[in-house]
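Data first, discussion second: the structure below is written as structure tokens.
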Amino acid sequence: MPWYKAGTVSVVQNSNTVNGTGTSFVTNSRVGDAFRGPDGGWYEVTNIASNTTLSISPNYIGATNAAGGYAIAPMQGYPKDSADALRALTNQFGGVLAVLGNDPTQAGVRAALNISNSDGIPEGITNKYLTNPRVLASVLTGLDAGASGAVVATDSIIAAFSKLQVAVNKTITPAQGGVSDGYIDGLIPTWNSSSSITFSPGAAFIPSTGKNLRLSAPITISGIGGLNPDVFYFAYLYENAGVAAIELSPTVYSAPYFGRARTKAGDSSRRFICALRTGAGGTLYGFQLSATNMIFYTTNTSITPFRRLSGGTATAYTAVGLGPVVPQGCQSVVLRVSAAGQVVFISVPAAGSSPMMIADAGARVQFDFVMDGNMAITYAVAAAGGSATIDVCGYGMER
């Protein structure tokens, strides 16, 4: 091996410390090497502290030198020591190296050990050799949608899942303590402003799933604006990614599917909650819900579009359409009737000339009433010289 001579060294007479400049003692010398100092004398390397510091023996006997030349010469003991070390290593780990195979690659070692995949590894109680993504991606082969009965200790995981799936999806009939298909509770609308409404917690039966959907906390729809003017919007409860939600849509509801219960037309996953009317500006009219589920307009109802008849003088029963301010299919309405000069009779088309409500001459009365399927009522003034004015003040929240 060549001698190492890079850089210079600083030595002090009678000191065993050698400081190098531009040296790499750690990688180019060993304890036991011979150090030839600037004085030409030979010393044994006894310690290598760093690339720039080593110790010698005996202490340096030459004159102090701050930047002298030097040489480090390896001794002949290296080949034998190396051979002895290699022999010991081979004896200790030769068998292990043989097991690792002859291919010096990761794939080669895995192949030699038969661990290219988990098939070559005995499965233990704790480690199943599946990553979390693979566990989550495992398909439920054999899941039985028709399984029944209680889960027992001898069931496999798939069998238990099958039973639980059936139990979760089972529809409970009213006779079993469930609710009817028309069930709805809570979900009361509150007007905050022309651009904001809040619905209270509640629940309703959703026909598409055959189960109830629960809204556990109030939900506010805000930023309402730019709606179609002078029409009804319909609030629908639906499930959005497993969470109850409410949408406001101009799409009218379907015909009742159970009692007065309705869904969005063409979409049985959306259960009707209430209908709310917009004004000319495309925002919602103010409203207040009564204890009898009547929605009262909280705006001036003595003007268009709420005034449905102004000074009517017909003495024969005449139809008055209420549709513009009463939602389609609604049967209940809040009327205000003013009778001027004569008694005014109020009825519905099917009743013919039989009065269902009478407003005395000079009276102004407000009352809950009914309409026919076309959202119409009839009126008649008792005799010539009188007149009737009819305003719509609200309508039923029929759901």
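Read-outs: derived from the displayed coordinates by stated rules, not from any lab. Worth saying up front: this structure is predicted, and the values here are computed from it rather than measured. When we count neighbours, we look across all protein chains shown, and the Cβ atoms used for this are built from the backbone with ideal geometry, even at glycine.
Data table
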quantity	calculated
Estimated [θ] at 222 nm from DSSP helical runs (n ≥ 4, -39500 (n - 2.57)) normalised by residues in the chain, nearest 500	-4000 deg cm²/dmol
The chain - percent relative contact order, Cα under 8 Å, separation 6 or more	9
Per-peptide average of other Cβ atoms within 10 Å, ordering 384-395, 219-230 highest first	384-395, 219-230
About the Cα centre, charge dipole magnitude for the chain (Lys/Arg +1, Asp/Glu -1 at Cβ), debye	460
Residue-count net charge about Ala340 - beta-carbon cut-off 12 Å; Lys, Arg +1, Asp, Glu -1	0
Given charges at Cβ of Lys, Arg, Asp, Glu: the chain dipole, positive-most of Asn117, Ala167, Val26	Ala167
FRET efficiency estimate (nearest 0.05) - Cβ-Cβ, Asp267 to Gln331, R0 25 angstrom	0.60
Under 25 Å, Cα to Cα: Lys pairs in the chain, sequence gap 8 or more or different chains	5
Given [x] 0.98; [y] 1.05; [z] 1.54, the label whose value is Rg/Rh (Cα atoms, Kirkwood Rh) derived from this model	[z]
Contour excess over end-to-end distance, with Cα ends at Ser15 and Ala111 and 0.36 nm allotted per residue	28.7 nm
For peptides 342-349, 251-258, 140-147, sequence by mean Cβ density within 10 Å, most packed first	342-349, 251-258, 140-147
Furthest towards positive pole of dipole, Ala71, Pro349, Leu289, structure part the chain, Cβ charges	Pro349
Gain in span if fully extended, Phe258 to Ser196, counting 0.36 nm per residue against the direct Cα distance	19.3 nm
Listed peptides 372-379, 36-43, 153-160, 330-337 by packing density, highest first (mean Cβ within 10 Å)	330-337, 372-379, 36-43, 153-160
